[in-house]
Amino acid sequence: MAYKEVYRVEIAEVIRQWQAGRGIHEMSRSTGLSRNTIRKYILTAQNCGLARNGPPPTESQLLTPVQRQAER
């Protein structure tokens, strides 16, 4: 179950950086995640209704992408 918390932290950080205007390559270097993983997290966030220029996600909005990633 500990790995689910890692997903939440990773996804929250990727979304935070994405909304701050950072590029995928830059996020990859700062987080240590692959560019494909970052793209997957961003796509999942967009499918959950989050926008790059939107407000920061609430805790409940973060749970949906985390649950979708855990199902994969």
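The values are calculated or read from the model by the stated rules, or taken from the named source; none is laboratory data. What you see is a predicted model, and the numbers here were worked out from it, not measured in a lab. Note that each Cβ is placed from the backbone with ideal geometry, even for glycine, and that neighbours are counted across all protein chains shown.
What the table below lists for this structure:
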{"quantity": "The range 1-22, subset surrounded by 12 or more Cβ atoms within 10 Å (Cβ to Cβ) and acidic (Asp, Glu), residue modelled with the lowest pLDDT", "calculated": "GLU10"}
{"quantity": "Positions within the range 54-69 being at pLDDT below 85 and either surrounded by 12 or more Cβ atoms within 10 Å (Cβ to Cβ) or of a type in the set (Val, Ile, Thr) (or both), in sequence order", "calculated": "THR58, GLN61, LEU62, LEU63, THR64, PRO65, VAL66, GLN67, ARG68, GLN69"}
{"quantity": "Residue match in the range 23-33 (condition: of a type in the set (Val, Ile, Thr), modelled with pLDDT of 90 or more and surrounded by 12 or more Cβ atoms within 10 Å (Cβ to Cβ))", "calculated": "yes"}
{"quantity": "Some residue of the range 46-53 being touching a Pro at 6+ places or on another chain (Cβ under 8 Å), surrounded by 12 or more Cβ atoms within 10 Å (Cβ to Cβ) and not in a helix (DSSP H, G or I)", "calculated": "yes"}
